[in-house]
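Colleague: Please read through the structure below; I'll follow up with questions.
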Amino acid sequence: MLALVTSTATDSKGVTQVTVRAARTGSATATWGPESTPLFTLRLSVATCPLQ
């Protein structure tokens with residue numbers, strides 16, 4: 001899977017929004033923070049859908 005972070009924004013409360021676009025089908029996992037206690041884990045799974 002190929003996934004690209006296209007934008008990020010953090011508001012005044014410290015909440016971060018990330019926009020990710022997938023270019024291929026498949027799955028991926030991204031983890032922020034130490035392996036023992038990650039702060040955040042993002043799991044993506046992308047499947048193709050027919051266009052009409």
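Colleague: Tell me, which residue of segment 4-22 that is surrounded by 10 or more Cβ atoms within 10 Å (Cβ to Cβ) and aliphatic (A, V, I, L, M) is farthest from the chain's Cα centre (by Cα)?
Modeller: Per the stated criteria, the residue is ALA22.
Colleague: Can you tell me which residue is surrounded by the most Cβ atoms within 10 Å (Cβ to Cβ) among those in segment 32-48 that are at pLDDT 80 or above and β-branched (Val, Ile, Thr)?
Modeller: My answer is THR41.
The values are calculated or read from the model by the stated rules, or taken from the named source; none is laboratory data. Every value quoted in this text rests on a predicted model; they were computed, and no experiment measured them. Positions of Cβ are generated from backbone atoms using ideal geometry, with glycine treated the same way; all protein chains shown enter the neighbour counts.
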